[in-house]
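Asker: The structure under discussion is supplied below as structure tokens; questions concerning it will follow.
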């Protein structure tokens, strides 16, 4: 498979050699700009991000935090002389792997392949996402409630899939809004709250989508028929 890599970090001679090496095996794009890096990361165009902590004007850990607040793309951190504590912190913040900047290119490529295999296997093994009465097919964007098909708008489906991929965990309003802007470029002129309200009505009562005031929303694990509407 022709995987697509996004390399984010300050330009160096070492990075140029790495980019040249990877380009012989895989599709790769590089950027030095953190803002562009975040936008491209969450665009859905890339399969994995190589995040070099030597960024211009932004700490690498802050960049990782911003990425994780917006999307779930695999991230490999490349750290210059990082202490064990820094590598542990990166992994705890959501990095899928950490390597030193002087890591052998072939080892780096093998690690990239291992991460992508894990993600691909997980996606293949779990085509459907089903929680309680709600079932979705990310490939076709079909949705069923208790086995009955339900028609959603593009915005409603994106919100539902995003919430169901992290059930029981709050997804911030910022992340949901960002996801909508990145995945659908037009037709989303109403507020996030309106989209969620319409989605809730289509899913039925009691709603599996709960609000955390001031933060965002989360998809409840508990089956619809076993929970009272609060």
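The values are calculated or read from the model by the stated rules, or taken from the named source; none is laboratory data. Values in this document were obtained by computation on a predicted structure and should not be read as measured data. Glycine also receives a Cβ, built like all others from the backbone with ideal geometry; neighbour counts cover every protein chain displayed.
Asker: Would you check which residues across region 132-166 are exposed (fewer than 15 other Cβ atoms within 10 Å of the Cβ) and closer than 16 Å to residue 217 by Cβ and list them?
Answerer: Listed by number, the residues that qualify are 165, 166.
Asker: Sticking with this one: Taking residue 66 as the residue in question, decide whether it is at pLDDT 85 or above and not in a helix (DSSP H, G or I).
Answerer: In short, no.
Asker: If I ask for residues that are in a loop (DSSP other than H, G, I, E, B), exposed (fewer than 14 other Cβ atoms within 10 Å of the Cβ) and at pLDDT 85 or above, which ones from region 169-202 would you list?
Answerer: Initially, region 169-202 is screened for residues in a loop (DSSP other than H, G, I, E, B), giving 169-170, 184-191.
Next, from what is left, pick out any that are exposed (fewer than 14 other Cβ atoms within 10 Å of the Cβ): 169, 185-187, 189-191.
Result: 169, single match.
Asker: Right, residue 57: surrounded by fewer than 20 Cβ atoms within 10 Å (Cβ to Cβ) and either without any contact (Cβ under 8 Å) to a residue 12 or more places away in the chain or under 12 Å from the mean Cα position of the chain (by Cα) (or both) or not?
Answerer: So residue 57 does not fit the description; no.
Asker: Also, quick follow-up: Among the residues of region 100-117, is any within 23 Å of residue 178 (Cβ to Cβ), part of a loop (DSSP other than H, G, I, E, B) and touching a residue at least 60 places away in the same chain (Cβ under 8 Å)?
Answerer: No; the residues of region 100-117 include none that is within 23 Å of residue 178 (Cβ to Cβ), part of a loop (DSSP other than H, G, I, E, B) and touching a residue at least 60 places away in the same chain (Cβ under 8 Å).
Asker: Tally the residues that are without any contact (Cβ under 8 Å) to a residue 40 or more places away in the chain, assigned to a loop (DSSP other than H, G, I, E, B), touching a helix residue (DSSP H, G or I) at 6+ places or on another chain (Cβ under 7 Å) and over 15 Å from residue 7 (Cα atoms), restricting the search to region 69-95.
Answerer: Total meeting the criteria: 2.
Asker: Now a separate question. Hey, among the residues in region 45-60 that are modelled with pLDDT under 90 and outside any loop (DSSP other than H, G, I, E, B), which one's farthest from residue 28 (Cα to Cα)? Quick ask: steps written out before the conclusion?
Answerer: Of region 45-60, the ones modelled with pLDDT under 90 are 45-47, 52-60.
Those still in the list that are outside any loop (DSSP other than H, G, I, E, B) too: 52, 60.
Details: 52: 14, 60: 20 Å.
Taking the candidates together, the pick is 60.
Asker: Give the residue that is modelled with the lowest pLDDT, with candidates limited to residues of region 76-93 that are surrounded by 13 or more Cβ atoms within 10 Å (Cβ to Cβ) and closer than 18 Å to residue 104 by Cα.
Answerer: 82
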